[in-house]
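Q: Starting off with a structure, shown below.
The values are calculated or read from the model by the stated rules, or taken from the named source; none is laboratory data. Treat the numbers as computed from the prediction; the structure is a model and nothing was measured. Cβ sites come from the backbone with ideal geometry, for glycine too, and all protein chains shown count toward neighbours.
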Amino acid sequence: MHQDAWREQGNYVDKGPFPQPATEVKLQELERDDDTGEVRLRLTPVNADQTHYEVGADATEASAKLQGRELTTADMHLSFIALDSKGEHETGDPLTWHNRITLKSRVFTDGAQRKVELRAAPSADIRYTTDGSDPKTGGGSYQEPFAVTKAVSLVLAIGDKAGITSEQHQR
């Protein structure tokens, strides 16, 4: 068993030879810039010598080949697949990675008005409310900084892009 000549499968013991394990991609998020939404990823092929990637769809053998082991992106959806060019290992399933949306806000004075500015990274559609209600269902579409009165004590906002929704931001 220690030499992998035999394997335990439930209540049975099987004798090899066993098929080679399939390829896979290990992904590590190295750093993220919350101001731009750019993420630096490290990708490691396992039982393979090539990694291919696709933006917004499943990666295939025809997808772009990753040069090196790192990729910097602000895309929302990426898919990766590891390929064994020697053909010793069967190609495994693609690995899908999803970016996230970060919302930031600032309050500033413009003349006599107090205004709120919202920003999403990467850029995304933003919906907001000033009455404490859920911005997903009753929020207005954010286009530019908006004036708030002293009576407004809570601004809630949410960002959405390509099916990914940010956490609710509170200001």
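Q: Which numbered condition in (1) in contact (Cβ under 8 Å) with a residue 60 or more places away in the chain; (2) of a type outside the set (Lys, Arg); (3) part of a strand (DSSP E or B); (4) surrounded by fewer than 17 Cβ atoms within 10 Å (Cβ to Cβ) is the only one that LEU103 fails?
A: Among (1) in contact (Cβ under 8 Å) with a residue 60 or more places away in the chain; (2) of a type outside the set (Lys, Arg); (3) part of a strand (DSSP E or B); (4) surrounded by fewer than 17 Cβ atoms within 10 Å (Cβ to Cβ), the lone unmet condition for LEU103 is (4).
Q: Which residue, of ALA74, ALA112, ALA59, is hydrophobic (A, V, I, L, M, F, W, C) and free of Cβ contacts under 8 Å to residues at least 24 places away in the same chain?
A: Details: ALA74 fails: free of Cβ contacts under 8 Å to residues at least 24 places away in the same chain; ALA59 fails: free of Cβ contacts under 8 Å to residues at least 24 places away in the same chain.
The unique qualifying residue is ALA112.
Q: Hey, another quick one. Given ALA82, ALA57, which one is surrounded by 12 or more Cβ atoms within 10 Å (Cβ to Cβ) and part of a strand (DSSP E or B)?
A: Unique residue meeting the criteria: ALA82.
Q: OK, next. Keeping to the range 145-162, report how many residues are touching a residue at least 12 places away in the same chain (Cβ under 8 Å), part of a loop (DSSP other than H, G, I, E, B) and not β-branched (Val, Ile, Thr).
A: So the count comes out to 4.
Q: For a quick check of your reading: which strands (runs of 3 or more DSSP E) sit entirely within the range 11-54 and have at least 1 residues that are hydroxyl-bearing (Ser, Thr, Tyr) and out of contact with any strand residue (DSSP E or B) (no Cβ under 9 Å at 6 or more places or on another chain)?
A: Details: elements: 12-15, 24-32, 39-46.
The qualifying strands (runs of 3 or more DSSP E) are 12-15.
Q: So THR44 passes all but one of these: (1) surrounded by 12 or more Cβ atoms within 10 Å (Cβ to Cβ); (2) touching a residue at least 60 places away in the same chain (Cβ under 8 Å). Which condition number does it fail?
A: Going through (1) surrounded by 12 or more Cβ atoms within 10 Å (Cβ to Cβ); (2) touching a residue at least 60 places away in the same chain (Cβ under 8 Å) one by one, THR44 breaks only (2).
Q: Tally time: how many residues in the range 1-58 are more than 15 Å from the chain's Cα centre (by Cα) and of a type in the set (Lys, Arg)?
A: Number satisfying all stated conditions: 2.
Q: Sticking with this one: Taking the range 106-137 as the search range and keeping residues that are of a type in the set (Gly, Ala, Ser) and in a loop (DSSP other than H, G, I, E, B), which one is surrounded by the most Cβ atoms within 10 Å (Cβ to Cβ)?
A: Taking the candidates together, the pick is ALA124.
Q: Just need a number here: residues in the range 138-154 that are closer than 13 Å to LYS115 by Cβ and either outside the structural domain of ARG114 (by TED's automatic domain parsing) or surrounded by 10 or more Cβ atoms within 10 Å (Cβ to Cβ) (or both).
A: 6
Q: Same structure, new question: Against the conditions (1) at pLDDT 95 or above; (2) acidic (Asp, Glu); (3) over 18 Å from GLU38 (Cα atoms); (4) in the same structural domain as SER166 (by TED's automatic domain parsing), where does GLU90 fall short? Just the number, please.
A: Failed condition: (4).
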